[in-house]
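Notes for the one structure printed next.
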Amino acid sequence: MSVNVPGLIAIIVFYLLILLVGLWAARRSRQTTTNIDSQHVMLAGRDIGAIVGVFTMTATWVGGGFINGTSEYIVRDGFVWCQAPFGYALALILGGYFFASKMRAQGYMTMLDPFSHKYGQRMGGLLFLPALLGEMFWSAAILSALGASLTVILDLNSTISIIISACIAVSYTLFGGLYSVAYTDVVQLICIFVGLWICIPFAFTHDAVGDITVDSTAKWVKTLDPASIGLYLDSYMLLMFGGIPWQVYFQRVLSASTVRNAQILSYIAAFGCIIMSIPSILIGAIFTVTDWNQTEYTKEITDEDLNLVLPLVLQYLTPQAVACVGLGAVSAAVMSSADSSILSASAMFARNVYKLVFRQKASEREIIWVMRITIFCVGMLATVMGITVDSIYTLWFLCSDLVYVVLFPQLLCVIYLRWTNTYGSLVGYILGLFFRLAGGEKALNIPVLIKYPYYTDADGQLFPFKTLCMLISLTSVVSFSFVAKYLFEHGILPRNLDVFKCVVNTGDDDMRRKEIKEQMEMSSVAQEDEKIGRVNPDFSHSEDDITATKGKEHAN
């Protein structure tokens, strides 16, 4: 096997560009402030403007799995089942309208902050698990996809390519935090858009490619089987609502310079996702109308090859130089998602697990170092999984199910149903997890314990059971919170049984709320003064200041 030297040189140049931009952004972040605290590392000092915000939000969603998976689904199941671009776009719109302004206005630092403040630090740590697994498996899946693409186009060993890609993404994330991730996303998104569109005309005009117009739409549009309507709707609901409670999304929302910008970048990024999916859709359509016997690809196309739709089109239907440009687009897409997921998982661990659960008095310097160590560890684990695990995509899909079933109802309740409590949250978490796993997962050899309506041994679960599990979880949070509140407040259960100290046995929590209220008033004045330049520019928010900016419902 001989390595494609020109392509390898092109990828090296591209990787050096990304690394230099990332390191430049890290240096710039140090020059803009004299005190680097955890807020600057996690949220770029909440100073991300609308333009950079839109780029980084869009690039985060338009990852390697997005562009590769879109082409694959066009070939495998047709355009009718290509739900991800439109489902995620709707998720961004819904997230921007219902959650972005409320989360940004409260001054949270991570998606899990409202859970930790309302349901307690340990419940926040428990909710960290599905969020962590989703981010880590997603990073591993897209690194694995990149390895496969580099193998097809460059004849490069996939293990080496995965390790190098992960090392570069971890390096600039380690030093620059969200500053580096955001500015490299700008470069990466431009590379994705330009790189893929350059490839389209060459692929269209290849002699082996047929017609994708109306006469051949049956090959790549296809139709929806009425028996699959339940699964179809279930998948859209998962993408729309399960696409919201991800730290990679809220990290951009919370880093926006204003509440309005937090919403605007969500809305514009929604259209960006649809626009960025067009080249992948066209590549998938081109694949379906290609006579591969007229190309240099000598193997028979099987179902196992369909995850390589995009790299195969680039390699065999475009000139070598153009294929290398397209591969740069694939690499950019992978790194734009991998760095975001690694940073997001690390931010949640450093703040919501390490600080709030184990080390409440940890200094800013300590939090930053814990975050850097976690970035390295998460990156290493994702790399190892990307190399060794065959069913990463399946693992990520299962984690996406858990995010939808477990985290979305919790997020909805903690933001809009403020009277819910830790008892309801815990019961909803357990029941949602149980009913989802009881539905089985063939790819992971999880047996079917509950056969939902329309279940067949041949087709499995045809009922939209994931949405049902989400509703069970949501109903459980609401109902058990109400029951616990009623039993304790009416003296049916004694005060000392309120072990979570969230209804009547609040203990020192009342004093803490009073302190937070006083700190919030002082911090609000200080933050307003800082904005109009009346305070020392070297001022840096302490952790208490950040906590103090939370909403009045947490202070009263």
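Derivation of every value follows stated rules applied to the coordinates shown; laboratory data play no part. Computed from a predicted structure; not experimentally measured. Ideal geometry is used to build each Cβ from the backbone, glycine not excepted, and the neighbour counts take in all protein chains shown.
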>> Distances longer than 36 Å among the Cα atoms of the chain: what percent of all pairs is that?
In response: 35
> Could you put F435, F202 in order, starting from the residue whose Cβ has the fewest other Cβ atoms within 10 Å?
Replying inline: F202, F435
> Using the alpha-carbon atoms, what tilt in degrees (0 to 90, nearest 10) does helix 392-402 show relative to the longest principal axis of the chain?
Replying inline: 40
>> Averaged across orientations, what area in nm² does the convex hull of the alpha carbons in the range 240-296 project?
In response: 6.1
> Whose amide H sits under 5 Å from the amide H of I446, counting only residues 5 or more places off or on another chain, with H placed in the peptide plane?
Replying inline: E441
>> Residues of the range 170-203 with backbone nitrogen within less than 16 Å of a virtual label 7 Å along the Cα-to-Cβ line of D305, please, listed as ranges.
In response: none
> Summing -39500 (n - 2.57) over the DSSP H runs of n ≥ 4 in the chain and dividing by its residue number, what mean residue ellipticity at 222 nm do you reach, to the nearest 500 deg cm²/dmol?
Replying inline: -23000 deg cm²/dmol
>> Whole angstrom only: what separates the Cα centroid of the range 38-95 from the Cα centroid of the range 257-302?
In response: 11
> How do the peptides 258-271, 453-466, 133-146 rank, highest first, by the average count of neighbouring beta carbon atoms within 10 Å per residue?
Replying inline: 133-146, 258-271, 453-466
> What nm value, rounded to one decimal, do you get for the distance between I9 and W292 when each label is placed 7 Å out toward the C-beta?
Replying inline: 3.1
>> Using the Cα centre of the range 154-275 as the reference point, and only Cβ charges (+1 on K/R, -1 on D/E), how large is the resulting charge dipole? Debye, rounded to the nearest 20.
In response: 480
> Using the alpha-carbon atoms, what tilt in degrees (0 to 90, nearest 10) does helix 121-154 show relative to the longest principal axis of the chain?
Replying inline: 10
> For the range 284-324, what is the largest minus smallest coordinate of the Cα atoms on each principal axis, given in angstrom and ordered from greatest to least?
Replying inline: 28, 20, 17
> Pulled fully out, how much extra length does the chain show between F271 and T205, if you take 0.36 nm times their separation in residues and subtract their Cα-Cα distance?
Replying inline: 20.9 nm
> the range 423-474 to the range 217-232: how many Å between their Cα centroids?
Replying inline: 23
> By count of other Cβ within 10 Å, fewest leading, how are D291, D401, D303 ordered?
Replying inline: D303, D291, D401
>> Let's test the formula: R0 of 30 Å, r as the Cβ-Cβ distance of V384 and Y416. What FRET efficiency results, to the nearest 0.05?
In response: 0.15
>> To make sure I understand, if each residue's beta carbon is the centre and we count other beta carbons within 10 Å, what order do H117, H490 fall in, fewest to most?
In response: H490, H117
>> Full-extension gain between A218 and R495, please, as 0.36 nm times their residue separation minus the C-alpha to C-alpha distance.
In response: 93.1 nm
> What size of dipole, in debye to the nearest 20, comes out for the chain about its Cα centre when the only charges are +1 on Lys and Arg C-beta atoms and -1 on Asp and Glu C-beta atoms?
Replying inline: 1600
> Residue separation times 0.36 nm, minus the C-alpha to C-alpha distance between D225 and N445: what's the value?
Replying inline: 76.6 nm
> Of K299/K442; K219/K299; K102/K442; K222/K466; K355/K442; K118/K451, which sit over 31 Å apart, Cα to Cα?
Replying inline: K102/K442; K355/K442; K118/K451
>> Just to be sure I understand the model, the point goes 7 Å from the Cα along the line to the Cβ. What's the resulting Y236 to F434 distance in nm?
In response: 3.2
